[in-house]
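Shown next, in structure tokens, is the structure this report addresses.
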């Protein structure tokens, strides 16, 4: 059966999107096997599975907003970090939800999450919300959150240079065996701070030198191979600053000489050997306001030609790329038209706002058709899956309604099965197909 014209078309597309399960290709979420600091019993203070109302309220998006509305004389940044998490959450709730309306995307996201979980945001009952979350079994809670967010599989980010996480993999080889989660090996220091990475690798028993030689390259490849295999990673990833440059003679590339040698001689060969994509998330400027910790990071315009040169120089490698600046999106989408080994994905971090998701998704549909990944959640707190996918599905449906109406107006008849196929590509299969191509 062919799709009808709007407004029925909008309903049909929304239904197709709501009926399609999602593979979330990039998160910072973990199963209970990695420890649960928020659990009312059996809590692991250094655990990595974050969930619950305190974690939602103290996420760095809202911490940054808090310090736009409180003065240092009222609450200093140092005073805030000295508080326990409950007190921090109380302050944020009071200042951002009660003293003023919670209409930012991050604040609205908390309300959407409460509503979808069956709690009433209109009650404004923070103590009651806390009691509810305290009653949840973390393992069963994951299942419910995944069901509500329509997510069938969660892709972790596994930072091998984080001592806390690394030790968990070494202590328990089965730590990542939860079938709801897949692993991604993340190793920013290898490219961004080679001297520090080399010191760590040497401490862990790898024969490496700060002055990179052939033996060092071989040892880095051995390290990568061991950890890609240990974690059963489905791709490898780094986050790079806006100043990242690849390409001989490119302004600023000298700073990245060591990182690019490790990338081209160790990382990309290790990925190609296993047919694993390499993901680059480019544009994050860390510690612009260091007093705010994670809330003090920012994003700036990055260099798309560095990406295109990598895609050209390494045609046997597959690259996932997302960029943090709105200003990069057109150029990046055009680059993806030129290189089949480049998969553009998601609206990351500061771009994860409905107005920007809509603008960027429209741009990508117009340039790339059905051959990109429109969104990933980038969640660090479990329940963020609910609001990020709820809000994103609504925006994606809006864009697709307009685009399918455009081609229907030409006389092209679109079948419901064709719409379901396209939606499945966007939310699931473009990612899975790129992994195995």
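The values are calculated or read from the model by the stated rules, or taken from the named source; none is laboratory data. Just so you know, these numbers come straight off a predicted model, no measurement behind them. Neighbour counts run over all protein chains shown; Cβ positions are idealised from the backbone, glycine included.
Answer yes or no as to whether residue 299 is at positive phi and either outside the structural domain of residue 59 (by TED's automatic domain parsing) or surrounded by fewer than 20 Cβ atoms within 10 Å (Cβ to Cβ) (or both). Considered against the rule, which asks whether it is at positive phi and either outside the structural domain of residue 59 (by TED's automatic domain parsing) or surrounded by fewer than 20 Cβ atoms within 10 Å (Cβ to Cβ) (or both), residue 299 comes out as no.
Going through (1) within 19 Å of the chain's Cα centre (by Cα); (2) without any contact (Cβ under 8 Å) to a residue 24 or more places away in the chain one by one, residue 131 falls short only on (1).
When region 232-263 is filtered for residues that are touching a helix residue (DSSP H, G or I) at 6+ places or on another chain (Cβ under 9 Å) and within 21 Å of residue 437 (Cα to Cα), the ones remaining, listed by number, are 233, 234, 235, 236, 237. Checked across region 387-397, the condition of being farther than 23 Å from residue 109 by Cβ and either surrounded by fewer than 18 Cβ atoms within 10 Å (Cβ to Cβ) or modelled with pLDDT under 95 (or both) holds for no residue.
Do you know which residues across region 378-412 are part of a helix (DSSP H, G or I) and over 30 Å from residue 54 (Cα atoms)?
Once the filter is applied, which keeps residues that are part of a helix (DSSP H, G or I) and over 30 Å from residue 54 (Cα atoms), region 378-412 yields 397, 398, 399, 400, 401, 402, 403, 404, 405, 406, 407, 408.
Could you grab me the full set of residues in region 305-326 that are closer than 30 Å to residue 64 by Cα and surrounded by 20 or more Cβ atoms within 10 Å (Cβ to Cβ)?
Result: 320, 321, 322, 323, 324.
Entry remark, region 173-195: residues being touching a residue at least 60 places away in the same chain (Cβ under 8 Å), over 30 Å from residue 213 (Cβ atoms) and under 17 Å from the mean Cα position of the chain (by Cα) number 2 in total. In summary, residue 200 fulfils each of the numbered conditions (1) under 27 Å from the mean Cα position of the chain (by Cα); (2) exposed (fewer than 14 other Cβ atoms within 10 Å of the Cβ); (3) at negative phi with the single exception of condition (2). The criterion of at least 3 residues that are at pLDDT 95 or above, touching a strand residue (DSSP E or B) at 6+ places or on another chain (Cβ under 8 Å) and closer than 29 Å to residue 398 by Cβ is met by the following helices (runs of 4 or more DSSP H) wholly inside region 254-366: 329-338.
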